[in-house]
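S.K.: First the structure, which I've put down as structure tokens, then a few questions once you've had a look.
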Amino acid sequence: QSVLTQPPSVSAAPGQNVTISCSGSSSNIGNTYVSWYQQLPRTAPKLLIYDNSKRPSGVPDRFSGSKSGTSATLGITGLQAGDEADYYCGAWDSSLSAWMFGGGTKLTVL
Amino acid sequence: EVQVVESGGGLVQPGGSLRLSCAASGFTFSSYAMTWVRQAPGKGLEWVAAVSGSGRNTYYADSVKGRFTISRDNSKNTLYLVMNSLRAVDTGEYYCAKNPIGAAGNGYSFMDVWGKGTTVTVSS
């Protein structure tokens, strides 16, 4: 059971928009920054969003992040087949003194 | 190009030991904290350990505390993970990742550059 809770899977058709939620608590998301990672099949994870909503250079603006209270959301607009991947949220937990990842969400592009 | 490359994975018996290495290039290694993350087959990401840029401060997941040791040699631009008393549940892909600042153990401990991973299999 992960400290950060994500839906196991989401799906949508190409061109549609999708959101992935990440729910935590006051000891992690509620008092620090959230980051998001994309793991394409059979590859290493890649940083997608940091500081709740910032995109590293090279990440398309179709990807966005937001945070409210103890929850965070990853948004993807104009879905493409190449977006099919596992997505993970992450944050430092000050009570556990450990980094936490969500359980991951598998995005299927129908 | 900023790059980290893991090595040292392999097959080891339960109770055995292994040392993973991560060679860094393209950035001032000593200025950045570093992290190990693992992924069991078919499972999600699990944070394992982190070390500050100076090497003075280390942090561990409860699942590996007392068995694994993270360290770094800034003169060799190399990160290490020594794994002792290995168990079958330690099997998986081990990723080395760079953090964006020198301090570890805080809200800026996200991973901005990842290696391709090295595979550890614990089995008799």
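The values are calculated or read from the model by the stated rules, or taken from the named source; none is laboratory data. Being a predicted model, the structure only gives us computed values, none of them experimental. As a convention, Cβ positions derive from the backbone with ideal geometry for all residues, glycine included, and neighbour counts pool all protein chains shown. With ligands, DNA and RNA removed, areas are computed over all heavy atoms of the protein, side chains included. Shrake-Rupley method; radii C 1.70, N 1.55, O 1.52, S 1.80 Å.
S.K.: So the check is Cβ under 9 Å with 6+ separation or different chains; which pairs have a first residue in region A:45-63 that's over 15 Å from A:Y88 (Cβ atoms) and a second one that's open to solvent by less than 30 Å² (accessible area, probe 1.4 Å) and among the aromatic types (F, W, Y)?
M.R.: A:D51/B:F110; A:R55/A:F63
S.K.: Give me the pairs: first residue in region A:88-109 and within 18 Å of A:F63 (Cα to Cα), second residue open to solvent by 10 Å² or more (accessible area, probe 1.4 Å) and basic (K, R), beta-carbon distance under 9 Å, and six or more apart or on different chains, which are they?
M.R.: Final answer for the pair search is A:G104/B:K43.
S.K.: Out of all the residues in region A:33-73, which are open to solvent by less than 20 Å² (accessible area, probe 1.4 Å), assigned to a loop (DSSP other than H, G, I, E, B) and within 11 Å of another protein chain (Cβ to nearest Cβ)?
M.R.: Across region A:33-73, the qualifying residues are A:V34, A:P45, A:D51.
S.K.: With a cut-off of at least 1 residues that are more than 26 Å from A:S57 (Cβ to Cβ) and away from every other protein chain (no Cβ under 14 Å), name the strands (runs of 3 or more DSSP E) lying wholly within region B:1-95.
M.R.: Strands (runs of 3 or more DSSP E) meeting the threshold: B:3-7, B:10-12, B:18-25, B:68-73, B:78-83.
S.K.: I'm trying to understand the selection: among the residues of region B:102-118, which are in a loop (DSSP other than H, G, I, E, B), touching a Leu at 6+ places or on another chain (Cβ under 9 Å) and either more than 7 Å from every other protein chain (Cβ to nearest Cβ) or open to solvent by 20 Å² or more (accessible area, probe 1.4 Å) (or both)?
M.R.: B:D112
S.K.: Listed residues A:A72, A:A91, A:A98; which is more than 11 Å from the chain's Cα centre (by Cα) and hydrophobic (A, V, I, L, M, F, W, C)?
M.R.: Sole residue among the options that is more than 11 Å from the chain's Cα centre (by Cα) and hydrophobic (A, V, I, L, M, F, W, C): A:A98.
S.K.: Which of the residues that make up region B:76-124 are more than 22 Å from A:W92 (Cα to Cα), in contact with a helix residue (DSSP H, G or I) (Cβ under 9 Å, 6 or more places away or on another chain) and without any contact (Cβ under 8 Å) to a residue 60 or more places away in the chain?
M.R.: Hits for region B:76-124 are B:K76, B:N77, B:T78.
S.K.: Return only the number of the condition from (1) more than 20 Å from A:V109 (Cα to Cα); (2) within 14 Å of chain B (Cβ to nearest Cβ); (3) open to solvent by 20 Å² or more (accessible area, probe 1.4 Å) that A:I29 does not satisfy.
M.R.: The failed condition is (3).
S.K.: Let me ask you something else. I'd like to verify a number: residues in region A:84-107 that are open to solvent by less than 50 Å² (accessible area, probe 1.4 Å), more than 8 Å from chain B (Cβ to nearest Cβ), within 17 Å of A:P8 (Cβ to Cβ) and not aliphatic (A, V, I, L, M), how many?
M.R.: 3
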